[in-house]
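Report on one structure; see the data block that follows.
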Amino acid sequence: MVRATRLVLLLLVVVVAWFKLRHAATPIAQVQDHAQIQRQVLAVLAHGAKAWNAGDLDGFVSDYLPDTETTFITKTGVLHGIAAIRGVYAARFALGAKRDSLHFEGVEIDVLGPDVVNTIAWYVLLHGDSVASRGPTSLVMRRVSGRWRIVHDHSS
């Protein structure tokens with residue numbers, strides 16, 4: 001009987017320990033990492049908007065990973081690589097072209113891993129005080145060599 005009681009107590013301790021580990025609070029370091037990642041990703045969005053608003057196409061596309069596997073989804077299909085993405089925006093950055101100012105609203109950043117995030121937001125293009133265009137954007141970003149870069153962009 002004593003042996004059975006000890007076995008039950010040992011089993012109970014194991015179950016309680018497993019439950020505590022399974023439902024433990026997120027470690028502070030992980031929360032801090034997520035907060036740091038979110039700040040870094042928000043900085044990429046701010047950089048892109050600043051470059052857009054300054055008419056700096058090179059600066060704007062520098063937030064994309066310069067790789068042929070980087071994608072941009074349009075109404076007509078999927079574009080691959082920086083040259084194709086640059087081509088979509090080139091007319092808006094041409095000398096004398098009309099380009100509304102850009103900012104982002106409702107940004108949500110889902111940290112999928114230490115070097116991968118999915119960011120959703122609303123892009124807003126303002127013409128003076130009026131909204132010229134507004135739509136959803138979904139950006140998969142990877143941290144490569146310490147820098148967050150867009151690898152998949154779907155903006156409607």
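The values are calculated or read from the model by the stated rules, or taken from the named source; none is laboratory data. None of the values given here were measured: they were computed from a predicted structure. Note that each Cβ is placed from the backbone with ideal geometry, even for glycine, and that neighbours are counted across all protein chains shown.
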(request) Taking Asp129 as meeting all but one of (1) at pLDDT 95 or above; (2) surrounded by fewer than 17 Cβ atoms within 10 Å (Cβ to Cβ), write down the number of the exception. (result) (1)
(request) Quickly run through the stretch 83-120 and pick out the residues that are farther than 30 Å from Ala35 by Cβ, within 23 Å of the chain's Cα centre (by Cα) and among the aliphatic types (A, V, I, L, M). (result) Ala83, Ala84, Val88
(request) Could you identify the single residue in Val111, Val124 that is touching a residue at least 40 places away in the same chain (Cβ under 8 Å), β-branched (Val, Ile, Thr) and surrounded by 13 or more Cβ atoms within 10 Å (Cβ to Cβ)? (result) Val111
(message) I'm trying to understand the selection: among the residues of the stretch 145-156, which are modelled with pLDDT under 95 and not polar (S, T, N, Q)?
(response) Gly146
(message) Conditions first: (1) surrounded by 15 or more Cβ atoms within 10 Å (Cβ to Cβ); (2) touching a strand residue (DSSP E or B) at 6+ places or on another chain (Cβ under 8 Å); (3) basic (Lys, Arg). Arg134 passes all but one, so which condition is the exception?
(response) (1)
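In this structure, is Val88 within 17 Å of Thr137 (Cβ to Cβ) and in contact (Cβ under 8 Å) with a residue 24 or more places away in the chain?
So Val88 does not fit the description; no.
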(request) Determine whether Gly87 is at positive phi and not in a strand (DSSP E or B). (result) no
(request) Could you tell me which numbered condition Leu95 fails, if it satisfies all but one of (1) modelled with pLDDT under 95; (2) over 21 Å from Arg143 (Cβ atoms); (3) assigned to a helix (DSSP H, G or I)? (result) (3)
(request) Evaluate the following for Val124: is it at pLDDT 95 or above and in contact with a helix residue (DSSP H, G or I) (Cβ under 9 Å, 6 or more places away or on another chain)? (result) no
